[in-house]
Every structure is written in structure tokens, then in C-alpha cells.
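> Let me begin by handing over the structure; questions about it come next.
The values are calculated or read from the model by the stated rules, or taken from the named source; none is laboratory data. Predicted model, so just to flag it, every value in this text is computed and none were measured. Cβ placement follows ideal geometry from the backbone for every residue including glycine, while neighbour counts extend to all protein chains displayed. The area values use the complete protein model at the heavy-atom level, side chains included, leaving out ligands, DNA and RNA. Shrake-Rupley method; radii C 1.70, N 1.55, O 1.52, S 1.80 Å.
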Amino acid sequence: MLTRVFLFLILGSSICQAQHTWQKPKPLIPRSKVEQIIGRVEQSEPSKDRRIVWVWGYDKPHQPGAHDYLRVRDLMTGLLAKVPRFTIEHAYLFPSQEQFENADLVVMYLHLPQLTTRQYSMFRSYLQRGGGVVAIHETAIMRPSSEGKKLAECLGMAWDEGRSQWGAIFEDITIDNAHPIFKGFPNKLSIVDEFYWDLHRMDGVNVLGTVRTGPPKRSSARVPESMLSKSRSPMFWTLESGAGRVFGTTLGHNTFSYYDPELRIVLFRAMAWAMKESADPLMPLVCEGITNQQNRVGTTDDMRDWKGKRRAPPSGD
């Protein structure tokens, strides 16, 4: 009996961990540099009323500081609610038919449940009629591989069970700064996080960022450049499906990433692009709540001591 308890404690502690505890938030950025990337802001509100649905779930295996779906939902929707003419809704696990019918944008940050034939049909219909989607990190994972391919038909790229890999980002991301989502950035972007590679990839996907991969799975430290792959893997992509637009990325593992002003620029611009809107009304959100008295922007908190992580479904679900 004691042996079983000991094994349970050991295995439990190994499961409930962040995979890359050496990763820390990058240094704070001068606000002037952030504003230089953003550029001139001319438009204070969107062209019309917009309805955004944020899709969320819960996570058992990771330590606080990773896959904090509820915390990130509350952070990001709290910011989006400050934009004039935006209406924000939440959807647990997947939007309803009514939410798809009324949404202009669906943002997904969760591990999706297994989707039914009807749910895939709802998703595809939403895109065909012109809906926008932003899919972040674990949203791209669906098993087995046949289901991953169905999800890729909606998102552009998705997990290919038996082939896909996950691991830390070990170098700056090479980006296409000619695209409006990355306008104003240099051709490299530093994000401290995790991502996935060797995914299903649909025809028509436009890759906007790539990176060389290092050793897969857990990592205990940054590795030398000699250990990185020769080929590059997609980090950011877009897909235009029917009249709809999708932006996808498989980074977004670390909660502190959502306090990084440069990633905020990317995500808020991606949301605007997916809705075919100007990103200007979202740009005041970039520095909101993360600017210190020295006018430097970001966070120094790795957020792994946070006590509020949800590890079970909401009551009644």
C-alpha cells in the first residue's frame, strides 16, 4: 500500500509540471519601441458592431503557468471588452449553433473535445459564410490522425498523431513582416514558449512565421544552435476558407506569453485581420495593465505560483 502511495505521488508530481521550467519572461520592452512597432493609430472603433466568442476549457496535467485556459480567457476578453462596439461571449469547449450564426470572430484557446460530424459542419459553414477564427496552441491537437486531418480542414494545420512533435522554441521566429499582422516588426520575433511541428497542413495555407526545431518534448535548458534542425517549421499561418479567414499558431503554452506586448500585437492584429477590420481600435490594449513606472512593458512573473488554475469542468458540465 505504501509503495502504491509513493508511486502515485511521484507520478502525480511528474505529470503536473510545466515542461520547460527554465523558460522565463523576456526582458521588459520600452514603451516607445512597442509604439514604434504599432505605428500610427487613426481609427478609435471598428467599422460596425462586432460579436466575439472566446472558446475555453480546462487542463489537468500542467502546472499553473501553462495551459491556464480560464485565466487567459478572463485576461484577454477583459481587454477586448474595452473596445467600443465589441460584444464578448464565452463558449465552453465549443460554440453553439446560435453563437456561430451571430459571431464575427471565434477565438479558441483550449484542448477541444472530440468533435461530432455536426460540429465540423457548423464550423465549416461558419467559415464559408465569412466568419473569422483565431486558433491558439493546443486548439490544434485532435487525435487520432484522421480527426486531426478533419480539424486541419477547418484550421489550416492540426496535429498528426504518430508524426507530430512538441517542444520548446529555442530561437527567434523568422516572420513575414510584409503581412499586416507583422507590419512594423523586424524580420525576427522573440517569443519564449512551446510549439508543435510536423502537423497536417492543408493546401492554401499561407505560412507567416517559421522556426528551426530542437529536441522534442520536455527541455531543461536552452540548447546550442548545432542541435537545431536544418529545416524550418511553421509557427504562424493563415487560411482563407470560403469567405472566412483563419489565423493559427501553436505557441501560447506559457501564461506569461499573453503579457508579452509583442505577442499581444500579433494576436490582436490577427483578430482584426480575421474580421477584416482595422487593428487600430485594439492597439490601446497592447500595453494595458503591463506598463511599469519606468514606461517599460511586459512582465517579470513566470506565473507558476498562481493558485487559481482550473483542473476540472465547471460545475454541472
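> Can you tell me the accessible area per residue over the chain, all protein chains present, probe 1.4 angstrom, in square angstrom?
Heavy-atom accessible area per residue stands at 45 Å².
> Next question, about the same structure. Cα atoms only, the stretch 196-245: Rg and Dmax in Å?
Rg, Dmax (Cα atoms, Å): 14.1, 44.
> Considering only the chain, what is the antiparallel percent among its DSSP beta bridges, to the nearest 5?
Working: 26 of 47 bridges.
Percentage antiparallel, nearest 5: 55.
> To the nearest 500 deg cm²/dmol, what mean residue ellipticity at 222 nm is calculated for the chain from DSSP H runs of n ≥ 4 alone, each contributing -39,500 (n - 2.57), summed and divided by the residues? Could you put the intermediate results ahead of the total?
Numbers: 7 runs with 78 residues, N = 317.
Result for the chain, helices only: -7500 deg cm²/dmol.
> Taking the dipole about the Cα centre of the chain, with the C-beta of Lys and Arg at +1 and of Asp and Glu at -1, give me whichever of 154, 170, 248 is farthest to the positive side.
Most positive-ward Cα: 170.
> Counting Lys and Arg as +1 and Asp and Glu as -1, each charge on the Cβ, what is the dipole of the stretch 117-215 about the Cα centre in debye, to the nearest 20? Present the calculation step by step, with values, prior to reporting the outcome.
Numbers: 11 positive and 12 negative charges, 85 e Å.
Taking the Cα centre of the stretch 117-215 as origin, the dipole is about 400 debye.
> Heavy atoms only, probe 1.4 Å: what % of the accessible area of the chain goes to carbon and sulfur, would you let me know?
On the chain, the fraction of accessible area on carbon and sulfur atoms equals 49 percent.
> A further question follows. In whole angstrom, how long is each semi-axis of the equivalent ellipsoid of the stretch 25-158, when you take the square root of 5 times every eigenvalue of its Cα gyration tensor and sort them from largest down?
27, 21, 14
> Among (i) 272; (ii) 156; (iii) 132, only one was calculated for this model; which label is it, if the read-out is volume of the Cα convex hull per residue in Å³?
Comparing each candidate, only (ii) matches the computed number.
> What is the set of long-range amide H partners of residue 233 at a cut-off below 5 Å, with H atoms built 1.01 Å from backbone N?
For residue 233, the qualifying residues are 211, 212, 213.
> Please list 3J(HN,Hα) in residue order for the stretch 108-116, calculated via the Karplus relation 6.51 cos²θ - 1.76 cosθ + 1.60 where θ = phi - 60°; whole Hz, with x for glycine and proline.
10, 9, 4, 9, 4, x, 5, 8, 7
> Tabulate in residue order the Karplus-calculated ³J(HN,Hα) for the stretch 223-240, using 6.51 cos²θ - 1.76 cosθ + 1.60 with θ = phi - 60°, rounded to whole Hz; enter x for Gly and Pro.
Taking θ as phi minus 60°, the curve returns 9, x, 4, 5, 8, 8, 5, 6, 8, 10, 10, x, 10, 10, 8, 10, 9, 9 Hz for the stretch 223-240.
> P(r) of the stretch 109-185 in 10 Å steps, Cα pairs, percent per bin?
Going from the shortest bin to the longest, the percentages are 16, 40, 31, 13, 0.
> Report the charge-dipole magnitude of the stretch 98-171 in Debye, nearest 20, computed about the Cα centre from +1 at each Lys and Arg Cβ and -1 at each Asp and Glu Cβ.
That gives the stretch 98-171 a dipole magnitude of about 240 debye.
> What does the accessible area of residue 166 come to, in Å² to the nearest 10, when a probe of 1.4 Å is used?
Here the accessible area works out near 60 Å².
> Mind listing the long-range amide H neighbours of residue 66? Cut-off is under 5 Å, sequence gap 5 or more, other chains count too, H placed in the peptide plane at 1.01 Å from N.
For residue 66, the qualifying residues are 255.
> Please work out the FRET efficiency for the pair residue 226 and residue 176, using the Cβ-Cβ distance as r and a Förster radius of 35 Å; give the result to the nearest 0.05.
With R0 = 35 Å, the Cβ-Cβ based efficiency is 0.85.
> Taking amide H positions as placed in the peptide plane 1.01 Å from N, state which residues far from residue 87 in sequence (5 or more) or on other chains have amide H under 5 Å from it.
For residue 87, whose amide H was placed from the backbone, the distant partners under 5 Å are 50, 51, 52.
> On a straight-distance basis, which lysines could pair with residue 183 in a cross-link, Cα separation under 28 angstrom, same-chain partners fewer than 8 positions away excluded?
24, 26, 33, 48, 82, 230, 276
> From the phi of every residue in the stretch 252-260, what ³J(HN,Hα) in whole Hz does the Karplus formula 6.51 cos²θ - 1.76 cosθ + 1.60 yield, where θ is phi - 60° and glycine or proline is x?
Karplus-based 3J(HN,Hα) across the stretch 252-260 equals x, 5, 7, 4, 5, 4, 6, 9, 8 Hz.
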